[in-house]
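What follows is calculated from the coordinates using simple rules that are stated; it is not laboratory data. Because the structure is predicted, anything quoted here is derived from the model rather than measured. Neighbour counts run over all protein chains shown; Cβ positions are idealised from the backbone, glycine included.
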Amino acid sequence: MTGTTVGDVMTLGVHSVRKSTPIADITRILAGRGISAVPVVDHDRDVVGVVSEADLLLKQAEGASVVRAAEDVMTAPAVTVEADKPLQEAARLMVGHRVKRLPVVDRYGKLSGIVSRADLVRALVRTDADIRGEVDQDLLVLIRRPSRGQVRAQVTDGIVTLTGTVERRSQSVLLDALIRRVAGVVDVIDRVEYTWDDEANRPAG
């Protein structure tokens, strides 16, 4: 599947701080780089928290007397997303946790970059031709041999209509699920037929 992942749209070379970084340094970083949050990492670059403008303002509003370093204001544990996840996963996390950006980590949990709402919006604004091109590439990968079927895709206003035939029902189910992961796809109308229902006798659960 060649669907767009978080790693494809994230910002690299993201600035990070340590738990001991002074608040004054953090405010200079936020103001100087025009960003609203910065990840907090340990010596192994594991993400341990996030300091945002909102965190700083909240502590100020509360009149906190001891606010010296990142560890005094950071939100922890940090909500992160892995670089190989689809954009929909990042969007779900942002909405669910009401955050504007997410630190991006590799499979070992190390900081790789950062992804913002704006990054997701830019990636999702795609033409039907762009979507069709990516869907066609996926179909070539998923159905390599004529014996496995012939499937065609039509895209209108982000809605993908799949027609044709495949050998097994499970292939049709897989196609539908994977095409939905393509960035910019609004919905999938599945009109693919199959010659063998290989899921008919599959045990439930």
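General observations
- Residue check for Asp25: within 30 Å of Leu140 (Cα to Cα), acidic (Asp, Glu) and surrounded by fewer than 19 Cβ atoms within 10 Å (Cβ to Cβ): no
- Of all the numbered requirements in (1) without any contact (Cβ under 8 Å) to a residue 40 or more places away in the chain; (2) crowded, with 19+ Cβ neighbours inside 10 Å, Leu58 misses one, and that requirement is (2).
- All positions within the range 95-138 that are under 19 Å from Val182 (Cα atoms) and of a type in the set (A, V, I, L, M): Val115, Ala118, Leu120, Val121, Ala123, Leu124, Val125, Ala129, Ile131, Val135
- Filtered by the rule that a residue be part of a loop (DSSP other than H, G, I, E, B) and among the aliphatic types (A, V, I, L, M), the range 170-196 gives Val182, Ala183, Val185, Val186.
- Checklist (1) without any contact (Cβ under 8 Å) to a residue 60 or more places away in the chain; (2) among the hydrophobic types (A, V, I, L, M, F, W, C); (3) over 29 Å from Arg181 (Cα atoms) applied to Val50, failing item: (3)
- So Val99, is it assigned to a loop (DSSP other than H, G, I, E, B), of a type in the set (Val, Ile, Thr) and within 30 Å of Val47 (Cβ to Cβ): yes
- Qualifying residue in the range 117-135 (condition: surrounded by 13 or more Cβ atoms within 10 Å (Cβ to Cβ) and part of a strand (DSSP E or B)): no
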